[in-house]
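Reading through the structure tokens given below for one structure.
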Amino acid sequence: MNRKVRIVLIGNAEQEFKKLKELEQNIKEDKEFHPEMQLLKSIRQKIEFIRSNPFYGCNISKNKVPKEYHVHNLWRAELVQYWRMIYTIKGNEQEIICFITDILDHNIYNEKFGYHKK
């Protein structure tokens, strides 16, 4: 049975995506060379990859998942300019839902997931 895959942006990811889409509307020329537009294109591309295969990203080790996420599985998709897109997978017999929770730059990702110990 093929289950439908639904992508839902929530929290930080939803805010970041909306901000980039608004910026897209305001940039008049050379959109493809604008760093934010490259990031937006990368996000859209990875969303389609995840829609095709929810397990596309790298599974984050359970001991690295910050408690704030309140999930049992967390995945990372790498974006351009060292950004990261974080998502979790839930589902039932009818569909798989991938909740994209965060779109983070590399430094924030490292801090949040404990790669920069102070």
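Some points to look at:
- Net charge in the neighbourhood of CYS58 (other residues with Cβ under 9 Å of its Cβ; Lys, Arg +1, Asp, Glu -1) is 0.
- For the stretch 62-101, the gyration tensor built on C-alpha atoms gives an oblate shape. Its axis ratio a/c (a ≥ b ≥ c) is at least 1.5, and a/b is not larger than b/c.
- Our estimate of slack between ILE7 and ILE108, defined as 0.36 nm per intervening residue step minus the Cα-Cα distance, is 34.0 nm.
- Per-residue Cβ neighbour rank within 10 angstrom, fewest leading, LYS19, LYS4: LYS4, LYS19
- Given their separation in residues at 0.36 nm each and the Cα-Cα distance between them, LYS62 and GLN81 gain 4.3 nm when the chain is fully extended.
- 26 Å Cα-Cα reach of LYS41 towards lysines, excluding residues that sit fewer than 8 places from it in its own chain: LYS4, LYS18, LYS19, LYS21, LYS28, LYS31, LYS90, LYS112
- Based on C-alpha pairs under 8 angstrom that are at least 6 apart in sequence, the chain has a relative contact order of 33 percent.
- Here the simple spin-label model places points 7 Å from the Cα toward Cβ, and for GLU48 and ASN26 these points are separated by 2.7 nm.
- Under the Debye formula (equal points on every Cα, no solvent term), log10 I(q)/I(0) of the chain at q = 0.10 Å⁻¹: -0.32
- Computed [θ] at 222 nm, deg cm²/dmol, the chain (DSSP H ≥ 4; -39,500 (n - 2.57); rounded to nearest 500): -11000 deg cm²/dmol
- Among LEU104, LEU20, the order by Cβ neighbours within 10 angstrom, fewest to most, reads LEU20, LEU104.
- Our coupling estimate for the stretch 36-51, obtained by passing each phi through the Karplus curve with A = 6.51, B = -1.76, C = 1.60 and θ = phi - 60°, is 5, 6, 5, 5, 4, 4, 5, 4, 4, 5, 5, 4, 5, 4, 5, 4 Hz, Gly and Pro reported as x.
- Beta bridge orientation in the chain: antiparallel %, DSSP, nearest 5: 70
Since every read-out is calculated from the coordinates, none of them should be taken as a lab result. Note that the coordinates shown come from a computational prediction; the quantities given were computed from them, not determined experimentally. Neighbour counts are summed over all protein chains in view; Cβ atoms, including those assigned to glycine, are modelled from backbone coordinates with ideal geometry.
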